[in-house]
1. Over the chain, what lengths in whole Å, largest first, do the semi-axes of the equivalent ellipsoid take, defined as the square roots of 5 times the eigenvalues of the alpha-carbon gyration tensor?
2. What does a probe at Glu58 reach in segment 1-41, counting residues whose amide N is under 16 Å from the point 7 Å along Cα→Cβ?
3. Using 0.36 nm per residue, how much length does the chain from His10 to Thr22 gain when fully extended, once their Cα-Cα distance is taken away?
4. Students often check this: by mean Cβ neighbours within 10 Å, which of 39-47, 22-30 ranks highest, and how do the rest follow?
5. Could you compute the net charge surrounding Phe69? Neighbours are other residues with a C-beta less than 10 Å from the C-beta of Phe69; K and R count +1, D and E count -1.
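Read-outs: derived from the displayed coordinates by stated rules, not from any lab. Since we're looking at a predicted model, the values are computed, not measured. Note: ideal-geometry Cβ built from the backbone for every residue, glycine included; neighbour counts use all protein chains shown.
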Amino acid sequence: MGEIDHDEFHAGKQLAQTVATTWVSIRPSERIAAGACSLLEAHPLSAADALQLSAALEWCEGKPHGNVFLTFDRRLREAAGLAGFTLE
């Protein structure tokens, strides 16, 4: 990871706040936690990333084809692509 300057930090923060007004939050459930455990067995993900991908799979009702998954994390991106999400 590289360092960012003050202006880049504030631009990123502003973008994150804008995006946050449109995302859908899914609360953890036993099903999402179980899905995250399965993802951890199949992919080299952190626990948080596995929960995020499991929640995304819950959101799309297990049908990721045609749904976009955005992340800058290489491992999470690979796992999401293998799960069937569209990557941009």
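1. 25, 15, 13
2. 24-40
3. That pair, His10 and Thr22, stretches by 2.4 nm at full extension.
4. Peptide ranking by packing, descending: 39-47, 22-30.
5. Combined, the nearby Lys, Arg, Asp and Glu give 0.
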